[in-house]
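Colleague: What follows is a structure written as C-alpha cells; I'll ask about it next.
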Amino acid sequence: MAKVLWSGRLEDKPEAEAFAFQASINIDQRLAEDDVRGSRAHVAMLAARGILPSDIADKLDKGLEDIAAELNGGTLAVDPDAEDIHSFIEGVLTERLGDIGKMVHAGRSRNDQVALDFRLYLKRFVPEIIDEMKRTVNCLLDRAEEHAGSIMPGYTHLQRAQPVTLGHHLAAWCAGLVRDLGRFSDALARLDECPLGAGALAGSSLPLDRNMTSGLLGFKNPTLNSMDSVADRDFALELASSAAICMVHLSRFCEDVVIWASEEFKFIDLEEAWSTGSSIMPQKKNPDFAELIRGKSGRAAGNLVTLLTLLKGLPYAYDKDLQEDKEALFDSLDTVKVCLAMFRGMMKGARFNTDRMKSACIGGFLEATDAAEYLVRKGLPFRSAHEAAALVVRDCVEAGQKTIAERSLEQLKTRCALFEADIFDALKPEACVAARNLPGGPARDEVMRQINKLRERM
Ligand code: ARG
C-alpha cells in the first residue's frame, strides 16, 4: 500500500479493510481528468504568483499532462488501493518527479480540490444529459407532428374523458421534458463558480490568485466564501432533484406505454427489437424497456433522499460524510442519461394503432361535455346543460346505446328543447377535437403551434 498523504501526523495506518472502507478511489476515479485539469491550473497560478519557480511549474505541468495522457491512453492504470484520485495523481507525480511533485499541493486541500473536481466533472457531463434530452424531445415531437391529427381518448382517473389527439398527448410529455431541460441548465449555471483556493475551509496565507484559476478553468467567477465552498453541495442536490423529476416523468410516460401495449388497449405496437419475450410463455412480447425505466426512477428518488439526508446534520464546513455524495449523484445522472436514450429508442419506431385509438373514442360518452357546451352555446346555464347532458347519458345507458348520437332528436329534446339537428355533427370525435382550439388545446393547428413552441424553447 502506498504512503498516505497524512502519514506525517499519524504513524499507524488503518488495517487494509479499514483503509479500503474509508477510500473513495473506486468512485472518484471518474474525476481523474478533472483532477489533472485543476492541478495544472493551480500550478500555473502558483508560478504566476511567484510561489513556484517557473521551471518547476513547467515540470509539474508536463508531469500532469503525461499522467492525463497515459490514463487516457490506458498505459497508466488507476491503483485500486490508492485512497482517492487526488492522492493517486499526486502520488504518481511525486514518484516520477521526486521533491518537485511534492510542491503541487501548496495552498490547496483535498477539500477544495474535490469540490472543484466534482464541479468540473458536472460541467462536462451535464451538457451530455441535456443533449440526450434534446434528442429525445426532438424524436417525440417528430412523432407528435406525425400524429397531430390522430384522434385518441384522453383520460382522467384512467377513465375515458374527452377526445384528444396522440400529438397532443406526446406534446404533453415533451412539455415536462423541456422543463427538465431548464432545471438542468439552471443548476449548471448556478454551479459555475470555482471553489479552488478555499483550501481546507479557510483559504490560504499564500498569495493565491483565485480569479486566475477560476478563469483558467472556465468558471464564471470564484466562489464567495471559503467555508461555503467546501461545505456546499447544493449543486448535487439540485442535479439529483432535476434527475429525480425527469425520471418521474419518464416513469409516467412508460406507464402510459405499458398500458397502451396491453391487449386490452392495444394502442401501441412496440418494435420487436424494443420488446422482450418470456422463457416459458411462447406468445409473450413484453414492454420490458418501459417497465425497467419506470423501475429505475426509484433509484433517482432514492439518491435524492440519500443526498438530502447526508447533508442534513453536517456541521460546517467539510466532513468526510461528503465523500458519499458522488456515488449517489453519479448514479442518478448515469441513470437519467441512459434512460433518456432507451426511451427515445423505444419510441422512435413504435407503431401506433390509430384506428383502435379512434374507435376507443366511441363508447365512453367522451362527447358528453361537448353536448353540455353545445347547450351553453344555445344559451342554457352550464349547470342546467350539465344536468341535461347527464340525463341523456343515463338514457343511453338504460337503452344500451353507446353514444349520444344513437338517440333520436325527439328523444334528446325530451331532456332539453334546445337540441337541434346540428348536435349530431357536433358530437363526432373529430368535431369535439377541432372545437377545442384554445391555446393548449388538442385541435390540430393548436398542437402544431405547441410543437413549434417546444422546439423553440429548446
Ligand atoms: N475523498 C474525499 C471526498 O470525496 C476527498 C476529500 C477528503 N478530505 C479529507 N480531509 N479527508 O470527499
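Colleague: Could you tell me which trypsin sites (Lys or Arg not before Pro) in segment 384-448 are loop residues by DSSP with no more than 13 other beta carbons within 10 angstrom of their beta carbon?
Modeller: LYS402
Colleague: To continue, here is another question. For a quick check: sort TYR374, TYR316, TYR155 by the number of other beta carbons within 10 angstrom, fewest at the front.
Modeller: The fewest-first ordering by Cβ neighbours comes to TYR316, TYR155, TYR374.
Colleague: Which values of log₁₀ I(q)/I(0), to two decimal places, follow from the Debye formula for segment 86-201 at q = 0.09, 0.12 Å⁻¹ with a uniform point scatterer at every Cα?
Modeller: Debye output, listed in q order: -0.50, -0.65.
Colleague: Quick one: dipole size for the chain, taken about the Cα centre, charges +1 on Lys/Arg Cβ and -1 on Asp/Glu Cβ, in debye to the nearest 20.
Modeller: Result for the chain is approximately 1480 debye, rounded to the nearest 20.
Colleague: May I ask you to derive the relative contact order of the chain, considering only C-alpha pairs under 8 Å and at least 6 residues apart, and to give it as an integer percent?
Modeller: 16 percent.
Colleague: What net charge is computed for the residues neighbouring LEU304, neighbours being all others with C-beta under 15 Å from the C-beta of LEU304, Lys and Arg scored +1, Asp and Glu -1?
Modeller: So the environment of LEU304 carries a net charge of -2.
Colleague: Can you give me the long-range amide H partners of ILE268? Hydrogens built in the peptide plane at 1.01 Å from N, cutoff under 5 Å, separation of 5 or more residues or another chain.
Modeller: Residues meeting the criterion, in which the H sits 1.01 Å from N, are ALA261, ASN353.
Colleague: Using per-residue counts of other Cβ atoms within 10 Å, averaged over each peptide, order 424-433, 189-198 from highest down.
Modeller: Descending packing order for the listed peptides: 189-198, 424-433.
Colleague: Given ALA106, ASN72, ALA144, which one lies farthest toward the positive end of the charge dipole of segment 43-183, if we put +1 on the Cβ of every Lys and Arg and -1 on the Cβ of every Asp and Glu?
Modeller: My answer, from the dipole projection, is ALA144.
Colleague: Which lysines, if any, have their Cα less than 25 Å from the Cα of LYS3, not counting same-chain residues under 8 positions apart?
Modeller: Excluding near neighbours in sequence, the set is LYS13, LYS59, LYS62, LYS102, LYS320, LYS326.
Colleague: Given H placed 1.01 Å from N in the peptide plane, which residues other than close sequence neighbours of GLY199 have an amide H under 5 Å from its amide H?
Modeller: Amide H neighbours of GLY199: SER109, ASP112.
Colleague: Continuing with this model, one more query. Using Cβ counts within 10 Å as a stand-in for footprinting exposure, how do MET281, MET227, MET133 rank, fewest first?
Modeller: By the 10 Å Cβ count, ascending: MET281, MET227, MET133.
Colleague: Can I ask one more? Find the centroid of the Cα atoms in segment 367-420 and in segment 230-276, then give the distance between the two in whole Å.
Modeller: 40
Colleague: Now a separate question. Can you sort ILE423, ILE100 so the residue with the fewest Cβ neighbours within 10 Å comes first?
Modeller: ILE100, ILE423
Colleague: Quick test of the membrane-span-like rule: which DSSP H helices of the chain reach at least 30 Å along their long axis (C-alpha atoms) with mean Kyte hydropathy at least 1.0?
Modeller: 234-261
Colleague: Next question. Would you kindly derive the ³J(HN,Hα) couplings of segment 265-282 from the backbone phi angles with the Karplus curve 6.51 cos²θ - 1.76 cosθ + 1.60 (θ = phi - 60°), listing them in order in whole Hz, with x for Gly and Pro?
Modeller: Calculated HN-Hα couplings, in order: 8, 6, 8, 10, 10, 6, 5, 4, 5, 10, 9, 9, x, 10, 6, 10, 9, x Hz.
Colleague: Report the charge-dipole magnitude of segment 221-327 in Debye, nearest 20, computed about the Cα centre from +1 at each Lys and Arg Cβ and -1 at each Asp and Glu Cβ.
Modeller: Rounded to the nearest 20 debye, it is 160 debye.
Colleague: Can you give me the orientation-averaged projected area of the convex hull built on the Cα atoms of the chain, in nm²?
Modeller: Convex hull of Cα atoms, orientation-averaged projection: 29.6 nm².
Colleague: For segment 247-313, what is Rg from Cα atoms divided by 2.2 N^0.38 Å, rounded to two decimals?
Modeller: The reported ratio for this selection is 1.46.
Colleague: For segment 369-458, what relative contact order do you get, as a whole percent, if you take Cα pairs closer than 8 Å and at least 6 residues apart?
Modeller: Worked out over segment 369-458, it gives 20 percent.
Colleague: Under 5 Å between amide H atoms, partner at least 5 residues away or on a different chain: which partners does MET152 have, H built in plane at 1.01 Å?
Modeller: The list, which skips near neighbours in sequence, is VAL164, THR165, LEU166.
Colleague: Counting only other residues whose beta carbon sits under 14 Å from that of GLY349, what net charge do I get with K and R as +1, D and E as -1?
Modeller: -1
Colleague: Further question on the same structure: Run lengths n ≥ 4 of DSSP H only: what is the helix-derived mean residue ellipticity at 222 nm for the chain, with -39500 (n - 2.57) per run over all residues, to the nearest 500?
Modeller: Here the helix-only value at 222 nm equals -19500 deg cm²/dmol.
Colleague: Which of rounded, prolate or oblate describes segment 1-129 when judged by the alpha-carbon gyration tensor and an a/c cut-off of 1.5?
Modeller: oblate
Any read-out appearing in this document is the output of simple, stated calculations on the displayed coordinates, not a laboratory observation. Bear in mind the structure is a predicted one, so any value in this text is a computation, not a measurement. Backbone-built Cβ (ideal geometry, glycine too); neighbour counts: all protein chains shown.
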